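Undergrad: What follows is a single structure, and I will ask about it in a moment.
The values are calculated or read from the model by the stated rules, or taken from the named source; none is laboratory data. All values reported here derive from a predicted model rather than from experimental measurement. Positions of Cβ are backbone-derived with ideal geometry, glycine not excepted, and every protein chain shown enters the neighbour counts.
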Amino acid sequence: MNAISPPPHYAVERAARLVASLSPRETEVLRLFADGNTSKMIARKFGTTDRTVETQRMGVYRKLGVNSVAMAARIAQQAGLVGDAC
């Protein structure tokens, strides 16, 4: 059976700590990006500009210590913000 095993316990704890360091808006931005939304879609949802969302995204990356949506989405998944990618 080729099931993907859940992340080790330490990874889940680390992800939870990282996500807890985010502001409520940054957490929502992370969740929306991890769910596949674009900056433009998120900006429309928040009633703000793409540039504001991009600034928030960069803040999320800095706090999480990542440099891509994929890496941030992985942390969001490990922390339980979004479901499994599969």
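Undergrad: Show me the helices (runs of 4 or more DSSP H) found entirely inside segment 1-62 where at least 3 residues are closer than 13 Å to ILE75 by Cα and at pLDDT below 95.
TA: 9-20
Undergrad: Let me ask something else. Any chance segment 38-47 includes a residue that's in contact (Cβ under 8 Å) with a residue 40 or more places away in the chain, surrounded by fewer than 18 Cβ atoms within 10 Å (Cβ to Cβ) and on the phi < 0 side of the Ramachandran plot?
TA: no
Undergrad: Consider VAL82 carefully, then state whether it is in a helix (DSSP H, G or I), in contact (Cβ under 8 Å) with a residue 12 or more places away in the chain, of a type outside the set (S, T, N, Q) and closer than 22 Å to VAL12 by Cα.
TA: Considered against the rule, which asks whether it is in a helix (DSSP H, G or I), in contact (Cβ under 8 Å) with a residue 12 or more places away in the chain, of a type outside the set (S, T, N, Q) and closer than 22 Å to VAL12 by Cα, VAL82 comes out as no.
Undergrad: Output the residues belonging to segment 10-23 that are farther than 15 Å from MET58 by Cα and either free of Cβ contacts under 8 Å to residues at least 40 places away in the same chain or not hydrophobic (A, V, I, L, M, F, W, C) (or both).
TA: The answer is TYR10, GLU13, ARG14, ARG17, ALA20.
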